[in-house]
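Q: Sharing a structure here in structure tokens format.
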Amino acid sequence: MAVSEPTPSTQSAGSSTRRAFLSKATLLAMWGGLIASYGTFAAFAGRFLYPAKPRATQWLYVAQLAALKSGESMTYTAPDGSTVAIARRDNQGKAEDFIALSSTCPHLGCQVHWEGQKNRFFCPCHNGTFNPEGKATGGPPGEAGQSLPKYPLLVKKGLLYIEVPVEHLKTVKGGITKPGHDAVLLAKCSLNKKVG
């Protein structure tokens, strides 16, 4: 039995269906990419035009006033994982004696700490300095005009409280607030003693 060679008419029919398929597949891929890019643009525009709702905050206990003397600082870890540097600047027993600033440098995210002897917050990564109010005074943050975000404080019956975001907290029966399953610690505090 002899095998017949394909005739030119069957070859062109096969290649034209292949061309038609590739043409349709390419057109479909192009439309898919166009729709995806416009969809992404629409999502970004929606986030810009309709920003997220404000974060839920709550007043949480930090320490007794007597535990922190003037010139000392402590690091407070909020339930959402952000770290806050709390420094005591005076001994009048008021909330104004303290300042609570994010301890994450806005330049590259390094951890800042309070230097009581120099009356400033310092970032060791690139020698960034911040005044006691959190405004950058030197280094890359100073050149960029960046500041450390500030947290409100409250003194009540000899205790210091801070208002922080509480997304990772859940309320259980009886109204008691406890950390959620993904919160490592409700509040972790360490005291930095005054140097000099």
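The values are calculated or read from the model by the stated rules, or taken from the named source; none is laboratory data. Predicted model only: the values in this text are computed from it and were never measured. With ideal geometry, Cβ positions are generated from the backbone for all residues, glycine too; neighbour counts draw on all protein chains shown.
Q: Can you confirm whether Gly174 is in contact with a strand residue (DSSP E or B) (Cβ under 9 Å, 6 or more places away or on another chain) and at pLDDT below 90?
A: The answer is no for Gly174.
Q: Scan the stretch 78-101 and tell me whether some residue there is assigned by TED's automatic domain parsing to the domain that holds Leu159, surrounded by 18 or more Cβ atoms within 10 Å (Cβ to Cβ) and of a type in the set (D, E, K, R).
A: The answer is yes; a qualifying residue exists.
Q: Identify the residue in the stretch 16-70 that is farther than 30 Å from Ile86 by Cβ and polar (S, T, N, Q) and, among all such residues, is nearest to the chain's Cα centre (by Cα).
A: Selected residue: Thr40.
Q: Which members of the stretch 77-98 meet the condition of being touching a helix residue (DSSP H, G or I) at 6+ places or on another chain (Cβ under 9 Å), part of a loop (DSSP other than H, G, I, E, B) and charged (D, E, K, R)?
A: Arg89, Asp90
Q: Would you confirm whether any residue within the stretch 31-52 is within 22 Å of Tyr151 (Cα to Cα), hydrophobic (A, V, I, L, M, F, W, C) and in contact (Cβ under 8 Å) with a residue 12 or more places away in the chain?
A: no
Q: Within the stretch 19-35, is even one residue touching a Leu at 6+ places or on another chain (Cβ under 6 Å) and either in a loop (DSSP other than H, G, I, E, B) or at pLDDT 85 or above (or both)?
A: The answer is no; no qualifying residue exists.
Q: Among the candidates Pro106, Pro124, Pro132, Pro141, single out the residue that is assigned by TED's automatic domain parsing to the domain that holds Ser73 and at pLDDT below 85.
A: None of the other options fit; the residue is Pro132.
Q: Next up: Considering only residues that are of a type in the set (Val, Ile, Thr) and under 14 Å from the mean Cα position of the chain (by Cα), which ones fall in the stretch 71-122?
A: Thr77, Thr83, Val84, Thr104
Q: When you go through (1) farther than 18 Å from Tyr151 by Cα; (2) touching a strand residue (DSSP E or B) at 6+ places or on another chain (Cβ under 7 Å); (3) at pLDDT 85 or above one by one for Thr83, which number turns out not to apply?
A: (1)
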